[in-house]
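What follows is a single structure, written as structure tokens, with notes after it.
The values are calculated or read from the model by the stated rules, or taken from the named source; none is laboratory data. Quick caveat: nothing in here was measured; it's all calculated off a predicted structure. In this analysis, Cβ positions are derived from the backbone assuming ideal geometry, glycine residues included, and neighbour counts consider all displayed protein chains.
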């Protein structure tokens, strides 16, 4: 019999909104392999619908900026309006200065330019999740 890694309870939920099926699958798999629960959306409207259903359990949204139907910037604005405590990590093949100069979120907004490695993605996600938990704990105190 081989030793297997202990099964961890998946308590952190990440919504991945990405119109590229292959990339969405890879990102979701990276999160799943690290013990995160994942939800997948092909575009912003689908992501918003999933967020409505899962908001009490949603810890983070990772969204592509350029998507059909509802782009990632509009999705982020709507998420912030409805659930300000859910952090959003924007990903795009476009440079951040192109996105933010067109009316996107301010420069301090969490952003990761494609292509990125799983390690870089996980580092950013862990940082956002840690910051979110700190913010939630201090607002509940």
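Can you go through 29, 42 and tell me which one is surrounded by fewer than 21 Cβ atoms within 10 Å (Cβ to Cβ), under 19 Å from residue 124 (Cα atoms), in contact with a strand residue (DSSP E or B) (Cβ under 9 Å, 6 or more places away or on another chain) and at pLDDT 95 or above? If you could, list the steps in order and put the result at the bottom.
Numbers: 42 fails: under 19 Å from residue 124 (Cα atoms).
So the residue among 29, 42 that is surrounded by fewer than 21 Cβ atoms within 10 Å (Cβ to Cβ), under 19 Å from residue 124 (Cα atoms), in contact with a strand residue (DSSP E or B) (Cβ under 9 Å, 6 or more places away or on another chain) and at pLDDT 95 or above is 29.
Yes/no matrix, rows are residues, columns are (1) modelled with pLDDT of 95 or more; (2) within 15 Å of residue 18 (Cβ to Cβ); (3) surrounded by fewer than 16 Cβ atoms within 10 Å (Cβ to Cβ):
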| position | (1), (2), (3) |
| --- | --- |
| 65 | no, yes, no |
| 68 | no, yes, yes |
| 84 | no, no, yes |
| 89 | yes, yes, no |
| 117 | yes, no, yes |
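Of the conditions (1) more than 14 Å from the chain's Cα centre (by Cα); (2) over 21 Å from residue 131 (Cα atoms); (3) modelled with pLDDT of 95 or more, residue 23 satisfies every one except a single condition; which number is it?
Just one mismatch for residue 23, condition (1).
In this structure, is residue 61 at pLDDT 95 or above, touching a helix residue (DSSP H, G or I) at 6+ places or on another chain (Cβ under 7 Å) and within 13 Å of residue 14 (Cα to Cα)?
In short, yes.
Criterion first (in contact with a strand residue (DSSP E or B) (Cβ under 8 Å, 6 or more places away or on another chain), modelled with pLDDT under 95 and over 22 Å from residue 58 (Cβ atoms)) does residue 95 satisfy it?
When the stated conditions are applied, residue 95 passes them.
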